[in-house]
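Just below is one structure, and these are the notes that go with it.
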Amino acid sequence: MSGSRQMHTSFAASLFMRRIAHEPTNEQGSIILLHGNSFDGGIFEPLMAQPVFVGRDLIAFDLPGHGASACLPPSQSYNFGSMAGRVVEAIEALNLKDATIFGWSLGAHIALEALDRSQRIKNIIMCGAPPMPNNPVAALFAMHFTTAMLLATKRNFSELDAIRFEQLTLGGHANGYHVAAHLAADGRMRAEI
């Protein structure tokens, strides 16, 4: 079955995942894909279908409070550490070794946090991860302010908010496909991250 392109969905620990598991053609570890705020692992489906990944084990998780993954209980706050803990639990549950995590935006911050928590993570690749100082005022100076930033922290999205968020984050690549994911994302997560 080497080169099979069939995607499987299931849960690992408490995280929903999309996985294309190939019969390994080499000793390289799995590639884990972590999405940005208010998206889900579906953002990576076109990437996962690319022929360059034949022979690689690809896993796109839905982070807590996103997609089909459960929201964190009210007793737990959404922060990089709590979300990274869930990712590490899933990596352990899947018994992955030498994993590479590609994180986009929020996913990049979580990848960085997860790196120190598991010997099973060999590499991380970060994309679109703005610096996040602990002070909200300093954060405004650290980043190029856009209207997408206001929506990224808004607790409750209307459908118009979700459409606008997709347009602001994906630009010319916005096609409405991710609007449902934006609406389904836990608003408490947006407010706390």
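Can you work out D for segment 32-105 in µm² s⁻¹ from Stokes-Einstein, where Rh is the Kirkwood radius over C-alpha pairs, the temperature is 25 °C and the viscosity is 0.890 mPa s?
186 µm²/s
Using the Karplus curve 6.51 cos²θ - 1.76 cosθ + 1.60 with θ = phi - 60°, work out ³J(HN,Hα) for each residue of segment 114-129 in order, rounded to whole Hz, and write x for Gly and Pro.
The phi angles translate into 5, 3, 7, 9, 8, 6, 7, 9, 8, 9, 10, 10, 10, 9, x, 9 Hz.
At most 14 other Cβ atoms within 10 Å and a DSSP loop assignment: could you name the trypsin sites (Lys or Arg not before Pro) in segment 31-116 that fit?
Details: sites: 56, 86, 97; in loops: 56, 97.
Of the trypsin sites (Lys or Arg not before Pro), the ones in loops of segment 31-116 whose Cβ has at most 14 other Cβ atoms within 10 Å are 97.
When the chain is fully extended, how far beyond the present Cα-Cα distance does residue 52 get from residue 93, taking 0.36 nm per residue of separation? Show your work: numbers first, answer last.
Details: separation 41, 0.36 × 41 = 14.76 nm, distance 2.67 nm.
This chain segment gains 12.1 nm when fully extended.
Taking the Cα centre as origin and putting +1 on Lys and Arg beta-carbons and -1 on Asp and Glu beta-carbons, what dipole magnitude results for segment 23-97, to the nearest 20 debye?
160 debye
Each value in this text was obtained by applying a stated rule to the coordinates, not by laboratory testing. This one's a predicted model, so the numbers in the text were calculated from it and none came from an experiment. We place every Cβ from the backbone using ideal geometry, glycine too, and count neighbours over all the protein chains shown.
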